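For reference, the structure is listed below as structure tokens.
The values are calculated or read from the model by the stated rules, or taken from the named source; none is laboratory data. All values reported here derive from a predicted model rather than from experimental measurement. Glycine also receives a Cβ, built like all others from the backbone with ideal geometry; neighbour counts cover every protein chain displayed.
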Amino acid sequence: MDELYHFIDGQRVKGTSGRFADVFNPATGEVQAKVPLADASELDKAVAGAAKAQIAWGATNPQRRARVLMEFVRLLHRDMDKLAEALSREHGKTIPDAKGDVIRGLEVAEFCLGAPHLLKGEYTDGAGPGIDMYSMRQPIGVAAGITPFNFPAMIPMWKFCPAIAAGNAFILKPSERDPSVPLMLAELMQEAGLPDGILQVVNGDKEAVDAILDHEGIGAVGFVGSTPIAAYIYERGCANGKRVQCFGGAKNHMIIMPDADMDQAADALVGAGYGAAGERCMAISVAVPVGDETADRLIEKLAPKVEALKIGPYTGGDDVDFGPLVTAEAKQRVAGLVESGVEQGAKLVVDGRGFNMQGYEDGFFFGACLFDHVTKDMDIYRQEIFGPVLSTVRAQSYDEALGLAMDHEYGNGVAIFTRDGDAARDFASRINVGMVGINVPIPVPLAYHTFGGWKKSAFGDLNQHGPDAFRFYTKTKTVTARWPSGIKDGAEFVIPTMK
Ligand code: NAD
């Protein structure tokens, strides 16, 4: 069995804490590697190396830093198949979806090629007599990222690409469920010309996370994962005086208006609800048809499509729609929630509970489930399921549908399917959710816009990637400079104003 490692100061480093976690192949259920879980002393070494290396990196001109990312993009393309295979083997998603995971991260690396432009400050010529004022964006120093299992390539890249382009060193603590791709990414960055120490991968669990949150040498922490952990990390990191941004869970609604193209809506729901086995923070997990007639038409189109979904291992060929869940516990949790939905009175139109993947009986597969007549008080509506389960909540009016999405505690993504521009416009304007799709089921903004939810889906005030990332990973310094031109005033005791 493989023993994984940390990547510190340009080297593969064995774990010394004596603690390890199992890394599974979710398709077979076998343990394929063990990953070391760092303790505070291992983290400390990584931070010390990062802080040392950051001084020269922060002083390197931004164009040269961006060129490292340019080469990194080339290497990602070169190793795409290898990365996708390693990703699918630990996560379970299909190979085309694993490539999408890499590409969505790569696109942020491409955006960061504009770092020299994004890091420019502001300048006021003649703010007063002989006075100029200008601001500069300077790196924080050492930043850290704590990332989830469900996008082991994309989210680490969303974090480290802008942080490093902005002149920081970065400590990545990836998910212990699928750490191989993050390790491969760090080695590719090194091959692309990144100096040793600027990207350190420290594997671990809560112990390593707590060490990050308490470490005085780390100035900023970016997190993505479930909401309870996001809240915890936000509180503890902020209490320690760090800059913290945390992105949490989701319950994304898709509203289907009576005038929507029902075939298009049903196709969108199948892809967005069941792709990656529903293990996406932008998955649609709630369908809200407006009016019973719309609901009946939708379910009639949706049910056969859900029944026809092809589930299989990532090695199962191009027609596999989705793979297993990430762990046996995840499968058990999803099964428990489906059971609760039945017990609490929802109608299970497509029942995936008995699904058996022939030849992969020990894998963590779970069949696609479709619920109708779900109500607001049910656990399957209130909780994020993170599995291949779509709940249909019937609304009697547009306002009721809007209210459902507005009242839910999560606010990551939302979509409306309609042919009515007025309804779509009203929806986009009033909804209290961070990312909105109009006839688009998974409205993940592109790299040059920013990604972030509202309500319990995000903590902190800046989004991921886009210009916000450069704000998050830099501090603003404003300089007021005066070069007196012969006018020598005496001492001034009153605060200067522009009166
Ligand atoms: P998770 O919260 O279990 O783990 C995320 C990270 O936190 C991992 O690195 C893990 O090691 C660490 N962690 C776990 N428990 C911890 C604890 N008690 N103390 C400190 N650190 C801890 O999340 P996950 O299961 O890996 O990912 C799925 C979740 O992530 C879902 O809720 C999903 O919606 C969310 N997610 C959100 C976004 C977003 O941008 N909003 C994107 C992707 C995933």
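Just a few scattered comments:
- Among (1) part of a strand (DSSP E or B); (2) in contact with a helix residue (DSSP H, G or I) (Cβ under 7 Å, 6 or more places away or on another chain) - the single one ALA38 does not satisfy: (1)
- Verdict on ILE487 being modelled with pLDDT under 95 and surrounded by 14 or more Cβ atoms within 10 Å (Cβ to Cβ): no
Condition check ((1) buried (at least 21 other Cβ atoms within 10 Å of the Cβ); (2) of a type outside the set (Asp, Glu)) across all residues:
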{"position": "GLU329", "(1), (2)": "no, no"}
{"position": "VAL334", "(1), (2)": "yes, yes"}
{"position": "GLU339", "(1), (2)": "no, no"}
{"position": "PHE355", "(1), (2)": "no, yes"}
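- Test: residue in the stretch 297-312 that is within 16 Å of the ligand (Cβ to nearest atom), farther than 23 Å from VAL440 by Cβ and in a loop (DSSP other than H, G, I, E, B): no
- The residue that is surrounded by the most Cβ atoms within 10 Å (Cβ to Cβ), counting only those in the stretch 243-261 that are of a type in the set (Gly, Ala, Ser) and within 20 Å of the chain's Cα centre (by Cα), is ALA250.
- Restricting attention to the stretch 214-232 and to residues that are within 14 Å of the ligand (Cβ to nearest atom) and buried (at least 24 other Cβ atoms within 10 Å of the Cβ), the residue that is nearest to GLU279 (Cα to Cα) turns out to be VAL224.
- Among (1) within 14 Å of the ligand (Cβ to nearest atom); (2) not in a loop (DSSP other than H, G, I, E, B) - the single one MET136 does not satisfy: (1)
- Subset of the stretch 344-371 [acidic (Asp, Glu) and either within 20 Å of ALA303 (Cβ to Cβ) or in the same structural domain as ARG89 (by the TED database) (or both)]: ASP351
- Filtering the stretch 77-92 to residues that are in a helix (DSSP H, G or I), buried (at least 23 other Cβ atoms within 10 Å of the Cβ) and of a type outside the set (Ser, Thr, Tyr) leaves LEU83, ALA84, LEU87, ARG89, GLU90, HIS91.
- First in the stretch 12-29 and within 11 Å of ARG177 (Cβ to Cβ), second anywhere and assigned to a strand (DSSP E or B) and among the hydrophobic types (A, V, I, L, M, F, W, C), Cβ under 6 Å, 6 or more apart: ALA21/VAL35; ASP22/VAL31; VAL23/ALA33; VAL23/VAL35; PHE24/VAL31
- Checking GLY130 against (1) surrounded by fewer than 21 Cβ atoms within 10 Å (Cβ to Cβ); (2) within 16 Å of the ligand (Cβ to nearest atom), the condition it does not meet: (2)
- Taking the stretch 409-433 as the range and being touching a residue at least 40 places away in the same chain (Cβ under 8 Å), part of a loop (DSSP other than H, G, I, E, B) and either of a type in the set (Phe, Trp, Tyr) or more than 15 Å from the ligand (Cβ to nearest atom) (or both) as the test, the residues that pass are THR418, ARG419, ASP420.
- Within the stretch 165-184, residues that are farther than 10 Å from LEU199 by Cβ and at pLDDT 95 or above have Cβ atoms under 8 Å from residues that are more than 14 Å from the ligand (Cβ to nearest atom) and of a type in the set (Asp, Glu) in these pairs: MET184/ASP79, counting only partners at least 6 apart in sequence or on another chain.
- Candidates VAL440, VAL436 - the one that is assigned to a loop (DSSP other than H, G, I, E, B) and hydrophobic (A, V, I, L, M, F, W, C): VAL440
- Lone unmet requirement of (1) more than 24 Å from VAL47 (Cβ to Cβ); (2) within 16 Å of the ligand (Cβ to nearest atom) for THR147: (1)
- Answer from ASP318, ASP267 - the residue that is within 30 Å of ALA86 (Cβ to Cβ), within 29 Å of the chain's Cα centre (by Cα) and surrounded by fewer than 18 Cβ atoms within 10 Å (Cβ to Cβ): ASP318
- Members of the stretch 1-58 that are modelled with pLDDT under 95 and not acidic (Asp, Glu): MET1
- Matching residues, the stretch 97-131, being modelled with pLDDT under 95 and in a strand (DSSP E or B): GLY126, ALA127, GLY128, ILE131
- Qualifying residue in the stretch 238-245 (condition: among the basic types (Lys, Arg), within 16 Å of the ligand (Cβ to nearest atom) and either touching a residue at least 12 places away in the same chain (Cβ under 8 Å) or over 30 Å from ASP319 (Cα atoms) (or both)): yes
- Any hit, the stretch 372-390, residues being in a strand (DSSP E or B), of a type outside the set (Val, Ile, Thr), within 16 Å of the ligand (Cβ to nearest atom) and assigned by the TED database to the domain that holds GLY225: no
- Residues in the stretch 443-490 that are among the hydroxyl-bearing types (Ser, Thr, Tyr) and either part of a loop (DSSP other than H, G, I, E, B) or within 16 Å of the ligand (Cβ to nearest atom) (or both): 5 in all.
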